[in-house]
Amino acid sequence: MRLPDEQEEYGMGTPVRYTIAAVSVFILVILAVVLVNDSRSKSVDKNPKPSPTPSPEAELEFAEGQKDIEELYRDHKLRSQDLDFWGMYQDNDPALAEPSPTVEPLPTPTHEPTEEELAADGKHVKVTRRGGKEEWMEISADIPLYTYDFTNLKISNGKMAYYQDGEKCSFLGVDLSKSSGTVDFERLKENGVDFVMLRLGSRGYETGIISLDESFVSNITKAQSAGLEVGVSFFSQAVSEAEAVEEAEFVISNLVPYRISYPVAFEMGYISNDDSRIDTLDEKLKTQVAEAFLDRIEKEGYGAVLYGSKNWLLGELLPEQLLNKYDVWLNDQASIPDYPYQFKMWRYGEAQKIDGIEGETSYTISFVDYTRK
């Protein structure tokens with residue numbers, strides 16, 4: 001038999017027990033779900049799905065600067081290497097930066113031109129030095145080239161003439177000295193010779209003594225009597241500018257009794273099979289000697305020309321210092337000279353027997369009428 005108070009207490013405790021049981025079951029379910037999700041997160045998801053972009057409302061709180069990085073990642077799909085700050089700081093810190101490797105340039109392949117290429121390029125000329133050494137020299141753009149058309153040359157019995165527009169515009173001459181022997185100047189005139197170049201004198205290649213050519217006075221007198229134009233030459237062995245001027249003064253003094261219309265030629269050269277005074281002179285000093293002689297001759301009012309072969313003019317002198325100032329009397333036996341620069345007179349052909357001359361000599365063609373200069 002229960003007391004009234006117990007009856008009432010029993011009737012009110014039943015719902016409480018049901019509530020406690022329901023809460024316990026709910027908690028168990030929550031725990032089970034958490035355990036299942038935890039086990040799934042630890043397993044490897046072979047087909048992961050991209051995480052949904054969180055809404056601005058669900059945005060987490062970030063440390064200073066971290067929020068900007070997260071936004072860059074979301075907006076620009078940055079990769080981890082795009083956020084490599086270490087590389088940035090290393091570049092700015094010389095102590096951390098790795099030195100760049102030095103790349104050595106590859107050597108440029110060179111091609112040594114052949115003899116055929118040099119001969120055909122129109123930019124080089126072969127010069128044979130004393131002793132036989134050959135050298136290709138570049139043709140200077142500062143020295144005028146010759147402009148003759150050698151198809152306009154005509155040769156008859158060894159006598160050369162140059163024509164332009166069908167008209168002969170050249171003059172024929174010979175050079176003479178005591179070695180030429182007796183000369184019939186009237187015969188030369190009749191055979192078409194227009195002028196003679198007479199050796200006036202020379203300086204001894206051993207003694208250094210200046211002497212007058214033994215035939216000069218006779219030759220110049222007879223040549224002018226025959227109506228031939230006359231020029232003269234001097235063979236120099238001067239070893240200084242002072243000696244060159246001395247040679248020029250010698251020429252001038254011996255021309256006082258005569259009037260010449262063709263130029264005074266300066267000739268210098270080595271002596272075959274023997275030593276000479278000029279053997280030790282370099283190109284610069286030989287050039288200075290030639291210039292001193294020719295300058296003195298021009299100051300006296302005579303025409304002046306520089307005589308020599310291609311090898312002498314280009315290999316023994318400084319061409320750019322002389323060839324722009326003076327006319328050249330070229331000595332070249334080739335059918336067409338390979339001397340590239342302008343020349344006004346050309347001693348062509350080998351020495352030969354010429355009618356009216358006892359010894360042998362060579363013809364010279366002049367492309368200039370020096371009587372009008």
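Of note:
- Using 0.36 nm per residue and subtracting the Cα-Cα separation, the extra length available between Glu116 and Arg372 on full extension is 87.9 nm.
- Förster radius 30 Å - calculated FRET efficiency between Gln333 and Lys123, Cβ distance, rounded to 0.05: 0.80
- Between amide H atoms placed 1.01 Å from N, distances below 5 Å from Ile210 occur with Gly204, all of them 5 or more places distant or on a separate chain.
- Met197, Met160, Met268 arranged by Cβ crowding within 10 Å, fewest neighbours leading: Met160, Met268, Met197
- Beta bridges per DSSP with both ends in the range 299-367, % antiparallel, nearest 5: 45
- Between Thr182 and Glu320, the modelled label-to-label distance comes to 5.4 nm, taking each label 7 Å out from Cα in the direction of the beta carbon.
- Cut-off 18 Å, label 7 Å out along Cα→Cβ of Ser240, residues of the range 193-223 by amide N: 203-210
- Globularity ratio of the range 144-372, using Cα Rg and 2.2 N^0.38 Å: 0.97
- Summing Lys and Arg as +1 and Asp and Glu as -1 over all other residues whose Cβ lies under 10 Å from the Cβ of Ile357 gives a net charge of -2.
- Stretch gain in nm, segment Glu298-Asn191, where the contour uses 0.36 nm per residue and the Cα spacing is subtracted: 35.3 nm
Taken together, the values in this text are just the output of simple stated rules run on the coordinates, not laboratory data. Predicted, not measured: the structure shown is a model, and the values here were computed from it. Glycine also receives a Cβ, built like all others from the backbone with ideal geometry; neighbour counts cover every protein chain displayed.
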